[in-house]
Amino acid sequence: HMPLDSFHLRASIAVSDIQRAVAFYEGKLGLRALWSGPSAHIADGSRVYGSGGGPALNVYESATAGTTQATLATWYVDDIERIVDELGAAGVEFVRYDQFEHDGRGITARAGGGRIAWFQDPDGNTFALEADA
């Protein structure tokens with residue numbers, strides 16, 4: 001019996017067009033590709049991106065891209081206004097949901113305290129930024 005809590009976890013994100021995804025994840029989010037390789041029958045269809053000092057996101061071309069509205073991964077940040085401003089300047093648009101009160105940047109109060117903001121990649125995959133203050 002080998003518990004999973006001793007192993008690194010990587011989120012897998014399906015995208016419809018790997019080149020468009022690369023422009024977003026690298027060009028707008030500033031992530032570094034640690035590895036690129038095939039995805040199914042697509043020779044250059046996947047990337048592994050690092051975040052927080054290790055591999056964090058596996059982005060791969062797939063027909064299932066953009067089919068969930070759920071938040072797929074969250075970055076825990078120290079200064080949410082600065083990060084939202086920098087990503088906004090790079091062309092990232094923040095999502096506003098009717099059931100929440102968002103400030104001018106798109107940041108809202110998080111359940112249990114702290115703050116949160118959401119954005120999407122070109123396929124509509126949803127990500128969050130969270131801060132404790």
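The values are calculated or read from the model by the stated rules, or taken from the named source; none is laboratory data. Because the structure is a prediction, the values reported are computed rather than measured. Here the Cβ positions follow ideal geometry from the backbone for every residue, glycine too, while neighbour counts run over all protein chains shown. All accessible areas refer to the heavy atoms of the entire protein, side chains included, with ligands and DNA or RNA removed. Shrake-Rupley method; radii C 1.70, N 1.55, O 1.52, S 1.80 Å.
Per-residue answers, yes or no, for (1) among the basic types (Lys, Arg); (2) in contact with a Phe, Trp or Tyr (Cβ under 9 Å, 6 or more places away or on another chain); (3) surrounded by 12 or more Cβ atoms within 10 Å (Cβ to Cβ):
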{"position": "Ile80", "(1), (2), (3)": "no, no, yes"}
{"position": "Glu86", "(1), (2), (3)": "no, no, yes"}
{"position": "Glu101", "(1), (2), (3)": "no, no, no"}
{"position": "Arg105", "(1), (2), (3)": "yes, yes, yes"}
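Can you tell me which of Ala40, Ala56, Ala128, Ala133 is open to solvent by 40 Å² or more (accessible area, probe 1.4 Å) and at negative phi? Result of the check over Ala40, Ala56, Ala128, Ala133: Ala133.
Yes or no, residue by residue, for (1) under 29 Å from Asp17 (Cβ atoms); (2) of a type in the set (Asp, Glu):
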position	(1), (2)
Ala40	yes, no
Val48	yes, no
Glu61	yes, yes
Glu93	yes, yes
Gln99	no, no
Gly104	no, no
Trp118	yes, no
Gly124	yes, no
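Residues in the stretch 19-58 that are of a type in the set (A, V, I, L, M), over 16 Å from Asp121 (Cα atoms) and touching a Pro at 6+ places or on another chain (Cβ under 7 Å): Leu34 alone. From the list Val59, Val15, Val48, Val22, the lone residue that is in contact with a Ser or Thr (Cβ under 9 Å, 6 or more places away or on another chain) and touching a residue at least 60 places away in the same chain (Cβ under 8 Å) is Val15. Among the residues of the stretch 118-130, is there at least one that is at pLDDT 95 or above, outside any strand (DSSP E or B) and more than 16 Å from Glu26 (Cα to Cα)? Among the residues of the stretch 118-130, at least one is at pLDDT 95 or above, outside any strand (DSSP E or B) and more than 16 Å from Glu26 (Cα to Cα), which makes the answer yes. Hey, among the residues in the stretch 59-82 that are of a type outside the set (Val, Ile, Thr) and assigned to a loop (DSSP other than H, G, I, E, B), which one's nearest to Asn125 (Cα to Cα)? Of everything passing the filter in the stretch 59-82, Gly66 is nearest to Asn125 (Cα to Cα).
The residues of the stretch 83-102 that are assigned to a loop (DSSP other than H, G, I, E, B) and under 17 Å from the mean Cα position of the chain (by Cα), listed by number, are Ala90, Gly91, Val92, Glu93, Arg96. Of the residues making up the stretch 27-37, those that are exposed (fewer than 15 other Cβ atoms within 10 Å of the Cβ), within 24 Å of Leu129 (Cβ to Cβ) and of a type outside the set (A, V, I, L, M) are Gly27, Gly30, Arg32. Per the listing Gly66, Gly112, the residue uniquely closer than 26 Å to Asp17 by Cβ and either surrounded by fewer than 18 Cβ atoms within 10 Å (Cβ to Cβ) or over 18 Å from the mean Cα position of the chain (by Cα) (or both) is Gly66. Could you tell me which of the residues Ser46, Ser39 is under 26 Å from Phe7 (Cβ atoms) and modelled with pLDDT under 95? Of Ser46, Ser39, the one residue that is under 26 Å from Phe7 (Cβ atoms) and modelled with pLDDT under 95 is Ser39.
For the stretch 89-124, the tally of residues that are of a type in the set (Phe, Trp, Tyr) and touching a residue at least 40 places away in the same chain (Cβ under 8 Å) stands at 1.
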